[in-house]
1. State whether the residues of segment B:155-162 include one that is among the polar types (S, T, N, Q), closer than 22 Å to B:L139 by Cα and open to solvent by less than 20 Å² (accessible area, probe 1.4 Å).
2. In segment A:61-68, is there at least one residue being part of a helix (DSSP H, G or I) and not hydroxyl-bearing (S, T, Y)?
3. Can you work out which of the residues in segment B:189-203 that are closer than 18 Å to A:R159 by Cα and more than 7 Å from chain A (Cβ to nearest Cβ) is modelled with the lowest pLDDT?
4. Which of the residues spanning segment A:135-165 are facing another protein chain (nearest Cβ under 7 Å), among the small types (G, A, S) and either in a loop (DSSP other than H, G, I, E, B) or open to solvent by 40 Å² or more (accessible area, probe 1.4 Å) (or both)?
5. Taking the criterion of being open to solvent by 30 Å² or more (accessible area, probe 1.4 Å) and closer than 21 Å to B:P169 by Cα, would at least one residue in segment B:239-259 satisfy it?
6. What do you reckon, is B:L179 buried (at least 17 other Cβ atoms within 10 Å of the Cβ), within 30 Å of A:V72 (Cα to Cα), more than 11 Å from chain A (Cβ to nearest Cβ) and under 24 Å from the mean Cα position of the chain (by Cα)?
7. Return the residue satisfying two criteria in turn: it lies in segment A:115-134 and is buried (at least 19 other Cβ atoms within 10 Å of the Cβ) and farther than 23 Å from B:R202 by Cα, and of such residues it is nearest to the other protein chains (Cβ to nearest Cβ).
8. Which condition breaks for A:G203 when tested against (1) closer than 28 Å to A:W102 by Cα; (2) more than 10 Å from every other protein chain (Cβ to nearest Cβ); (3) open to solvent by less than 40 Å² (accessible area, probe 1.4 Å); (4) not hydrophobic (A, V, I, L, M, F, W, C)?
Amino acid sequence: MTAVTDTTTSPQRADSPEREVAVRLRGVGRSFGAGPRSVVALDGVDLAVRAGEFVCLLGASGCGKSTLLNLVAGLDEPTAGSVDVSTGRPAVMFQEPGLMPWLSARRNVELPLRVAGLGRAARRAVAEELLDLVRLGGQGSRRPHQLSGGMRQRVALARALACTRTGATGLPLLLMDEPFGALDAITRDILQAELLRVWRATGAAVVFVTHDVREAVRLAERVVLLSSRPGRVVREWTLRSSGGDGGAALGPTGVAEAEVTEEITTALREVISSHGRH
Amino acid sequence: MAGTETGSRAEADGLADVAAGLDALDTPVERGTPWWRRLLTRAVPPVVAVLAVLAVWQALWAAAIWPEFKLPAPAAVGEHVGDLVGDGEIWGVLWVSVHRAVLGFLTAVIIATPLGLLVARVPLLRNAVGPLITGLQSLPSVAWVPAAILWFGLTPATIYAVVLLGSVPSIMNGLMSGLDQVPPLLTRVGKAVGAGPLTSARLVSLPAALPGYLAGCKQGWAFSWRSLMAAELIANSPQLGVGLGQTLEQARAMNSMSGVIAAILLILLVGISIELLVFRPVERRVLRGRGLAGAV
């Protein structure tokens, strides 16, 4: 269960047939600006995320993690390569909750459903269900300023999940851009556990961007390390393999977890220090 | 395997407890103040300030530094207002001015809202007329009165033209700055949940811009009222009726200082009343709903 496989040499692994591919990136590049002053944020990124898989994109600042996520979310277009998303509308979460301050928690969760044109009763039912899922049942009538930071981020999670309920068929896909980066350590710890629970409950594929190695090791089935400027896939680690059953993932034992954390941290440091040397 | 199962069940329950505890600890506490204390801290200071002004006025009058026709006693002005109220003349005067100001203001809102949206959303227009609209706010609306008289003669159209020219730019400006201040994250969220430009405007940008828009409307009202008084003071004609501005001008013509002060006080009173009775409660409601009521 705790096998750590370095998959750098065999990227085809992700194409294993037992799980459908939710996201496939082929030679994706994204540069900003034109001419000699243009900045290449991403270059030749190949990545496949299977349905129900939890993938952490790890990298220092400037590695284009957020750019990559925006491309998958459809908020941005690649300048090279292709991004194929086989799921319905992905759920997107940012570092800040970004709740509408004039709407109650429930109406915030209803927002994607309202955009999709669902009826009032249907919207309400889905919103109540999702608020229950993030353990905020009964808090739906409160406004964002009446909630704590962790509760707001859970409302944001429920709202993101509501995007996957807009009638489109297909497996849910959750894209998270350092969603716990702005929270205190205790709340972050709780929310990481909550996210794993929600992930198992929904069977969603998760692409989780972070610069925190511990967070990545705790959450991910697969960690993908990106280099900076331009962002490229440097290495991948498969930490857990839940196979086809989609949810029985067991974490590595303490020793193995510490080892992997150490190994990934070393790799991340190498990537970062290569920038100082030129 | 069964052991891990029950173990993780217990762990999940423990997690729920910790999460619930955290929620209870971290939730912002709403401090409620009793109504009488709010009344005491909000209503008493302005009343004291007004009384202090009256006392200074009374003292200056008693010292007889200026002749009576330059500085009348507070009581004399009070008597003047009392006469206006007593013979019922005041209601007609107030009606003439207030209904014009309200009508002018509402028309300004109807004109300024779509124009403001258009200018805020079309970059070319924004660059072309944005600075002009901001600049227009610093033009005193009295400056429009001579032009309006030449265009429309001594008719109500003159008065409405001045009111509109005074208030439309400030409402547009409020709406535009409200839209500018919409946090980019909210717009991104709108896009991420699948909203197109129109839906995003309806469900995200416009509600988010509401506080700025309301501030613009409040200022627009103040400008309407001021412009109206300027127009009424200058444009005197029987067919324009007698409003507060004309009352003020008549008192000056009759050398009645207490009449002049009475009219000024009434103008001030109307302005403050509308602000306190209409705009303040709406603004408070909107800001409080967003957790921003601390300032108001």
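1. Looking through segment B:155-162, at least one residue is among the polar types (S, T, N, Q), closer than 22 Å to B:L139 by Cα and open to solvent by less than 20 Å² (accessible area, probe 1.4 Å).
2. Within segment A:61-68 (the criterion being part of a helix (DSSP H, G or I) and not hydroxyl-bearing (S, T, Y)), the answer is yes, since at least one residue qualifies.
3. Going through segment B:189-203, the residues closer than 18 Å to A:R159 by Cα turn out to be B:189-196, B:199-200, B:203.
Checking which are more than 7 Å from chain A (Cβ to nearest Cβ) leaves us with B:190, B:196, B:200.
On the way: B:G190: 91, B:G196: 86, B:S200: 89.
The qualifying residue modelled with the lowest pLDDT is B:G196.
4. Of everything in segment A:135-165, just one residue is facing another protein chain (nearest Cβ under 7 Å), among the small types (G, A, S) and either in a loop (DSSP other than H, G, I, E, B) or open to solvent by 40 Å² or more (accessible area, probe 1.4 Å) (or both), namely A:S148.
5. The answer is no, given that none of the residues of segment B:239-259 is open to solvent by 30 Å² or more (accessible area, probe 1.4 Å) and closer than 21 Å to B:P169 by Cα.
6. yes
7. Here the residue is A:V134.
8. So the condition that A:G203 fails would be (1).
The values are calculated or read from the model by the stated rules, or taken from the named source; none is laboratory data. Just so you know, these numbers come straight off a predicted model, no measurement behind them. Glycine gets a Cβ as well: all are built from the backbone with ideal geometry, and neighbour counts include every protein chain shown. Heavy atoms of the whole protein, side chains included, go into the accessibility calculation; ligands, DNA and RNA do not. Shrake-Rupley method; radii C 1.70, N 1.55, O 1.52, S 1.80 Å.
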